[in-house]
Amino acid sequence: MRANSLDRMSSLGLAAMVAGVVSFGFAGFGHGAALVSQTRHVEVAAKASSGTDALKALYRRPAAIPFPKDNPYTPEKAALGKKLYFDTRLSVTSAQSCASCHSPSFGWGDGLSVGVGHGMQKLGRHSPTVINAAWSDIFMWDGRLPTLEAQALGPIQSAGEMNMPLDQLMKRLSSISEYKPLFAAAFPQEGMTEKTLAKAIATYERTVVSERAPFDAWIEGDEKAISEDAKRGFALFNGKAQCAACHEGWNFTNEGFQDIGLPSEDVGRGQYLPAVIKMKHAFKTPSLREIGRRGPYMHDGSLPTLEAVVDHYDGGGVERPSRSDLMKPLGLTAEEKSQLVAFLNTLTSNLTPTAAPVLPR
């Protein structure tokens, strides 16, 4: 997928371009749903006018994790990727790992407003979660990386983050005896290279899938799984509040980019598409899965609570040429705001998300 398709307005759905899939399972997951192969755009008005059952069908969980043809799943590869993901020796000072900014303890983020990198220096943006990254088509808040494999290597070699040149890292890994048999088992034809390093980490990250949440139980027929306020919040989410225009599908994102009117000087996607006015200050629409574990919110970590997030959208944000046409005052009542938050809280599972065990084909 290239820039001309990735950077269309986020009101359009993006096709999932990966082809290989492996069935998976984890606590309470149902395997009856169809595979997700494309995020479909449905007009908010059409969603609001359809029945609740029809709306529910748009949010059913997929039954498999998608893996790309050039990096299919193997248990050996995932095991190697897990070891690398949590190994601080991947940073130049041996003080940071991938999990330092993307920790299971904080919804696979870090719980901070902005990330902390090499030398304990604050980074410019909030650390995004890696939950459900297997379903993403483009990575980083500004969309500068096209694959999860590229994303895996980006922070490692970034001077402001882990600050480890890849050639230096490969020499370090080669000197660690425990890694040689792991790479040999995972990549018998390729061995230990920068490319296989990225493939292993990306494979493990693709197994990080949100657990089944109360919302999932409700759309599958358990009317007692969520509160009446949350059900009203779901209707608002798909109607008056217009949230579903961007947060669509089971993963609650269409992978697009929008300027939502935050008072930030960061140009986001505009750095790579300076001629497209609507991409200035535009950032990737994040998934809302496990959202209750992932505060503070937004690309700059500027909103501390879900209540603050709803207030921001209700106000419409900063008016400027790049602001999304979807952003405008909503006129939500205090009760409606409370109902929206109640619904958002149903997207967080009762279990801390962990890497999902992948079942044999």
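The values are calculated or read from the model by the stated rules, or taken from the named source; none is laboratory data. Just so we're clear, the structure is a prediction, and the values are computed from it rather than from any experiment. When we count neighbours, we look across all protein chains shown, and the Cβ atoms used for this are built from the backbone with ideal geometry, even at glycine. When the accessible area is computed, the model is the full protein with side chains, heavy atoms only, and any ligands, DNA or RNA have been set aside. Shrake-Rupley method; radii C 1.70, N 1.55, O 1.52, S 1.80 Å.
Pull up the cross-link candidates among the aspartates and glutamates for Lys337, meaning alpha carbon to alpha carbon under 15 Å and not fewer than 8 places away within one chain.
Within the straight-line cut-off, Lys337 pairs with Glu228, Asp229, Glu307, Asp311, Asp314.
Measuring with a 1.4 Å probe in the full set of protein chains, what accessible area per residue, in whole Å², belongs to the stretch 280-332?
Normalised by residue count, the accessible surface of the stretch 280-332 is 41 Å².
Dipole of the stretch 223-280, Cα-centred, from +1 at each Lys and Arg C-beta and -1 at each Asp and Glu C-beta, to the nearest 20 debye?
I would put it at about 140 debye.
Considering all alpha-carbon pairs of the stretch 153-196, what whole percent are spaced by more than 11 angstrom?
Values: 624 of 946 pairs.
Percent of Cα pairs beyond 11 Å in the stretch 153-196: 66.
One quarter of the convex hull surface, Cα atoms only: what value does that give for the stretch 236-361 in nm²? Provide the component values of the computation, followed by the final result.
Working: hull surface 38.1 nm².
Averaged projected area of the stretch 236-361's Cα convex hull equals 9.5 nm².
Past 21 Å, Cα to Cα, is the threshold; run Lys122/Lys195; Lys82/Lys284; Lys77/Lys284; Lys278/Lys328 against it and keep the listed order.
Values: Lys122/Lys195 29 Å; Lys82/Lys284 26 Å; Lys77/Lys284 29 Å; Lys278/Lys328 15 Å.
In this structure, Lys122/Lys195; Lys82/Lys284; Lys77/Lys284 exceed 21 Å between Cα atoms.
What residues qualify as long-range amide H neighbours of Ile65, i.e. H under 5 Å apart, gap of 5 or more or another chain, H built at 1.01 Å from N?
Answer set, sorted by chain and number: Val22, Phe24.
Using bins 5 angstrom wide from zero, how does P(r) for the stretch 158-302 break down, in % of all Cα pairs?
2, 7, 10, 13, 13, 12, 12, 12, 9, 6, 3, 0
Compare the Cα positions of Ile291, His281, Leu347 along the charge dipole of the stretch 221-361 (+1 at Cβ of Lys, Arg; -1 at Cβ of Asp, Glu; about the Cα centre) and return the one farthest towards the positive end.
Of the candidates, His281 comes out farthest on the positive side.
Could you list the square roots of 5 times each eigenvalue of the Cα gyration tensor of the stretch 235-285, that is, the equivalent ellipsoid semi-axes, sorted largest first and rounded to whole Å?
24, 12, 8
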